[in-house]
Amino acid sequence: MIKLKQIHKSFGRAEVLKGIDLTVLKGEVVAILGPSGSGKTTLLRCLNYLEKPSDGEISIGEHTVHCKKAHKKDIQKLRRKTAMVFQQYNLFRHKTAIENVMEGLIVVQKLPKAEARKKGVELLEKVGLGNKLDSYPSQLSGGQQQRVGIARALALNPEVILFDEPTSALDPELVGEVLAVIRKIAKEGITMVIVTHEMGFAQDVANRVVFMDGGVIVEEGSPKDIFQSPKEERTRQFLARYT
Ligand code: ADP
């Protein structure tokens, strides 16, 4: 589903991604772990061109973008295949929950308004917010706002959902409800890449865990491999801080 070849990204002189190769299969849930500043978010943002990689190749499904000679159309096509769930939710403040979800259905999917509303209601029910359709973000808890963010991502009907630390802005008591929704969606077989610090979650939801440090993938493997018998010292040290 996703194939990254030698992705490089620099900000000024700082090379933040130093040649990332990664393959994600259809239906796979891949968790990206690593210390702060290791390039996890940048990698996720490069995947859908929120950041332009300096070099390398990104394929999603049948579509490939060569980063050095990408055209606007190529990038647009790539973006349509993914949806992102952000740390800070990024909801429209002046729109209600249902309007936030309908936006993509109307603007991107070009659905008529009545149909968009029907689909939007279904999606909000799916994330447990069927009773909050007309609430504004300011009237919702952080966990509820993030669940709207997830419903909005699903509305784009993406081939891949990218989660950028989806629970790190939440109070601890609200983390569980968001992880439960992500778990439920993962079971439906949609391909996911999740940057997270929730080790327990990564361990039981991911099919594969990727550990990054210093702009490279240090090691990857099944959750069992990585959590129980990491090969690399850097992975061991990182995990030791969380267990
Ligand atoms: P992580 O998600 O692993 O914490 P990031 O991908 O956010 O790491 O950041 C990796 C490095 O890139 C950090 O040193 C960060 O300061 C730097 N960086 C990220 N975004 C930018 C930016 N827009 N401009 C300059 N430096 C950035």
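The values are calculated or read from the model by the stated rules, or taken from the named source; none is laboratory data. Since the model is a prediction, treat every value here as computed from it, not as a measurement. Counting neighbours? That spans all protein chains shown, and the Cβs are built from the backbone with ideal geometry, glycine included. The protein model used for the area step is the full one, side chains on, heavy atoms only, and it has no ligands, DNA or RNA in it. Shrake-Rupley method; radii C 1.70, N 1.55, O 1.52, S 1.80 Å.
Could you give the accessible area per residue of the chain, probe 1.4 Å, as a whole number in Å²? For the chain, the solvent-accessible area averages 48 Å² per residue.
Restricting the chymotrypsin sites (Phe, Trp or Tyr not before Pro) of the range 58-148 to loop positions (DSSP other than H, G, I, E, B) with no more than 15 neighbouring Cβ atoms within 10 Å leaves PHE92.
For the chain, what does the alpha-carbon gyration tensor say about shape, rounded, prolate or oblate, given a ≥ b ≥ c as the root eigenvalues, a/c under 1.5 as rounded, and a/b over b/c as prolate? Each step should come with its number before you reach the end.
On the way: a/c = 1.95, a/b = 1.31, b/c = 1.48.
Since a/c reaches 1.5 but b/c is at least a/b, the shape of the chain is classed as oblate.
Over all other residues within a Cβ to Cβ distance under 15 Å of SER54, the charged ones net out to +4, with Lys and Arg as +1 and Asp and Glu as -1. Taken about its Cα centre, the chain carries a charge dipole of about 880 debye when Lys and Arg each add +1 at the Cβ and Asp and Glu each add -1 at the Cβ.
What does the charge count around THR167 come to, taking other residues whose C-beta lies under 13 Å from its C-beta (Lys +1, Arg +1, Asp -1, Glu -1)? List each step's numbers first, then the result.
Working: positive: ARG147, ARG183; negative: ASP164, GLU165, ASP171, GLU173, GLU177, GLU198.
Net of charged neighbours comes to -4.
Take the alpha-carbon centre of the range 92-138, take the same for the range 180-243, and report the distance between them in whole Å. Between the Cα centres of the range 92-138 and the range 180-243 lies a distance of 31 Å. Counting heavy atoms of the protein chains alone, ASP171 has an accessible area of about 90 Å² for a 1.4 Å probe. Summing +1 for each Lys or Arg and -1 for each Asp or Glu among the other residues whose beta-carbon sits under 13 angstrom from that of ILE106 gives +4. Could you check how much of the accessible area of the range 48-152 is carbon and sulfur, as a whole percent, using a 1.4 Å probe? Of all accessible area on the range 48-152, carbon and sulfur atoms account for 48 percent. Under the membrane-span-like helix rule (DSSP H runs whose alpha carbons stretch at least 18 Å along the helix axis, mean Kyte-Doolittle hydropathy 0.0 or higher), the chain yields 172-187. Projecting the Cα atoms of ASN90, VAL216, PHE201 onto the dipole axis of the chain, where Lys and Arg carry +1 and Asp and Glu carry -1 at the beta carbon, places ASN90 farthest toward the positive end.
The label point for ASN131 and the one for LYS224, both projected 7 Å from the Cα toward the Cβ, are 4.2 nm apart. For the range 7-48, the Cβ-based charge dipole about the Cα centre amounts to some 140 debye (Lys, Arg positive; Asp, Glu negative; other atoms uncharged). With 23 Å as the limit on Cα-Cα distance, the pairs of LYS26/LYS113; LYS9/LYS73; LYS73/LYS110 that go past it are LYS26/LYS113. When the Cα positions of VAL101, VAL127, PRO166 are compared along the charge dipole of the range 91-168, VAL101 comes out farthest toward the positive end, with charges on each C-beta of Lys, Arg, Asp and Glu. Placing a pseudo-label 7 Å from each Cα along the Cα-to-Cβ vector at LYS184 and LEU239 gives an inter-label distance of 3.1 nm. Computed over protein heavy atoms with a 1.4 angstrom probe, the accessible surface ordering of PHE227, PHE238, largest first, is PHE227, PHE238. Here the range 175-239 has 47 percent of its accessible surface on carbon and sulfur atoms, given a 1.4 Å probe and all protein chains in place.
Put +1 on the Cβ of each Lys and Arg and -1 on the Cβ of each Asp and Glu in the range 137-183; which of ASN157, PRO137, VAL178 then has its Cα farthest toward the positive end of the dipole? Going by the charge dipole, the pick is ASN157.
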